[in-house]
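K.L.:
One structure, as structure tokens, below. Some questions next.
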Amino acid sequence: MKAENGMAANTIHGVEWLKARASNRDGNCVELAKIEGGVGMRNSRFPEGPALVYSESEIAAFLNGAKRGEFDHLIG
């Protein structure tokens, strides 16, 4: 089954969901998984909730922006 945007994340089988080592102890994390055709994203507090599905190029653009601090104003 190909993962689609909005499908229940816990129905995407055969993937390893990863979260950042810097995630807080309360479990407030975003988890990512390599899926067919891209990358899935889910809320660790609601793993059965909807998955957001992004292409590899979309994730690469986001990560490059994050590394340059383009989103720092969204926290704190």
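K.L.:
May I ask you to say which residue of Asn64, Asn24 is exposed (fewer than 10 other Cβ atoms within 10 Å of the Cβ), of a type outside the set (Asp, Glu) and out of contact with any strand residue (DSSP E or B) (no Cβ under 9 Å at 6 or more places or on another chain)?
P.N.:
None of the other options fit; the residue is Asn24.
K.L.:
Suppose the filter is open to solvent by 90 Å² or more (accessible area, probe 1.4 Å) and touching a residue at least 40 places away in the same chain (Cβ under 8 Å); does Glu56 pass it?
P.N.:
no
K.L.:
Taking the conditions exactly as written (touching a strand residue (DSSP E or B) at 6+ places or on another chain (Cβ under 6 Å) and open to solvent by 40 Å² or more (accessible area, probe 1.4 Å)), does Val15 satisfy them or not?
P.N.:
Criteria met by Val15.
K.L.:
Which residues, counting only those in the range 17-51, are over 20 Å from Phe62 (Cβ atoms), of a type in the set (D, E, K, R) and without any contact (Cβ under 8 Å) to a residue 40 or more places away in the chain?
P.N.:
Arg25, Asp26, Arg45
K.L.:
Identify the residue in the range 37-71 that is under 13 Å from the mean Cα position of the chain (by Cα) and among the hydroxyl-bearing types (Ser, Thr, Tyr) and, among all such residues, is farthest from Glu4 (Cα to Cα).
P.N.:
Filtering the range 37-71 for residues that are under 13 Å from the mean Cα position of the chain (by Cα) and among the hydroxyl-bearing types (Ser, Thr, Tyr), the one farthest from Glu4 (Cα to Cα) comes out as Ser44.
The values are calculated or read from the model by the stated rules, or taken from the named source; none is laboratory data. Everything numeric here is computed off the predicted structure, so don't read it as measured data. Backbone-built Cβ (ideal geometry, glycine too); neighbour counts: all protein chains shown. Accessible surface is based on the protein model in full, side chains and every heavy atom, while ligands, DNA and RNA are left aside. Shrake-Rupley method; radii C 1.70, N 1.55, O 1.52, S 1.80 Å.
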